[in-house]
């Protein structure tokens, strides 16, 4: 590689492209990881499971698969949206008390937090609408 001068420019630009790609993948992974941490999937999962168990207790039997899935998705997404929005409003406090959380650490921006809140809210509301139309 270094013995062929005609390839040195190619290798340098190729190396730069590879470095940029690796860096971009690292930053994307950091951003996605931050968004998942904002969602707090363990808490959103607990909300979804509680709704599904509530359906079982209320009906005395397991709900149909579409009803169970829509109830779970509704609770999971709306709970996640509330948790994400809470981090948005707690930004100043978290900068001091929890600087490693995704928002104060810079893993995600305040604008991205609002966008993620909007998306998860819309998913939850769409699941609620579909559930309402399904069960009448």
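Observations
- Among the residues of the range 87-110, those identified as assigned to a helix (DSSP H, G or I) and surrounded by 13 or more Cβ atoms within 10 Å (Cβ to Cβ) are 87, 88, 91, 94, 95, 102, 103, 104, 105.
- Some residue of the range 25-34 being touching a helix residue (DSSP H, G or I) at 6+ places or on another chain (Cβ under 8 Å), farther than 16 Å from residue 100 by Cα and surrounded by fewer than 17 Cβ atoms within 10 Å (Cβ to Cβ): no
- Sole residue being surrounded by 12 or more Cβ atoms within 10 Å (Cβ to Cβ) and closer than 30 Å to residue 24 by Cβ, chosen from 83, 129: 83
- Screening residue 88 against (1) over 30 Å from residue 133 (Cα atoms); (2) at pLDDT below 95 leaves a single unmet condition, (2).
- Residues in the range 1-24 that are modelled with pLDDT under 65 and either surrounded by 10 or more Cβ atoms within 10 Å (Cβ to Cβ) or in a helix (DSSP H, G or I) (or both): 5, 6, 7, 8, 9, 10, 11, 12.
- The residue that is nearest to residue 30 (Cα to Cα), counting only those in the range 88-116 that are touching a helix residue (DSSP H, G or I) at 6+ places or on another chain (Cβ under 7 Å) and without any contact (Cβ under 8 Å) to a residue 12 or more places away in the chain, is 99.
The values are calculated or read from the model by the stated rules, or taken from the named source; none is laboratory data. From a predicted model like this one, the values you see are computed outputs, not experimental measurements. With ideal geometry, Cβ positions are generated from the backbone for all residues, glycine too; neighbour counts draw on all protein chains shown.
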